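What follows is a short report on a single structure.
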Amino acid sequence: MSTTAEAAAQLIYPANVQANSSLVNVKFLSSCFAGAAAGILGFENWLGFAFFLASTFITSTSIYTINCRRRPEKYIQGGLAELVNPGQDNIFTFVLVWTLFYGIIHVYD
């Protein structure tokens, strides 16, 4: 077991890394809800992807102002670039939920 002085001296503090994993969860849920909204609204082609970029921007801006207090370098290892990066898995999740809800709602159009 390490003492508190050794834990404070570590470059990556495990408690903070675990707390930062909520950032991944927020971005994942944001892409799920954006995909559902895009499917329900019936967006097709580039309009749907523009909606994804807009939702990613709104989510990143909210995290930037509320959680990071306009200093993402202090709270996130990659800084602003990591905060704005949508992530490949979030794009796939968006497309999956988008097509699911589009198929359910607009099946007879």
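Here are the numbers for this structure:
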| read-out | value |
| --- | --- |
| THR56 vs. criteria surrounded by 15 or more Cβ atoms within 10 Å (Cβ to Cβ), part of a helix (DSSP H, G or I) and modelled with pLDDT under 95 | yes |
| Which numbered condition SER22 fails, given (1) surrounded by 12 or more Cβ atoms within 10 Å (Cβ to Cβ); (2) modelled with pLDDT under 85; (3) not basic (Lys, Arg) | (1) |
| Selection within region 76-93 - hydrophobic (A, V, I, L, M, F, W, C), surrounded by 15 or more Cβ atoms within 10 Å (Cβ to Cβ) and within 17 Å of TRP46 (Cα to Cα) | ILE91 |
| Number of the exception - PRO86 against (1) part of a helix (DSSP H, G or I); (2) within 17 Å of PHE28 (Cβ to Cβ) | (1) |
| Qualifying residues in region 63-75 (those that are open to solvent by 50 Å² or more (accessible area, probe 1.4 Å) and in a helix (DSSP H, G or I)) - the one modelled with the lowest pLDDT | TYR75 |
| Filter result (in contact with a Ser or Thr (Cβ under 6 Å, 6 or more places away or on another chain) and closer than 30 Å to ILE104 by Cα) within region 56-93 | THR59, PRO86, ASN90, THR93 |
| Per-region count, region 72-109, residues farther than 20 Å from GLN18 by Cβ and among the charged types (D, E, K, R) | 1 |
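The values are calculated or read from the model by the stated rules, or taken from the named source; none is laboratory data. Note that the structure is predicted; figures quoted are calculated from it, not measured. All Cβ positions, glycine included, derive from the backbone under ideal geometry; neighbour counts span all protein chains shown. Note: areas computed on protein heavy atoms with side chains; ligands, DNA, RNA excluded. Shrake-Rupley method; radii C 1.70, N 1.55, O 1.52, S 1.80 Å.
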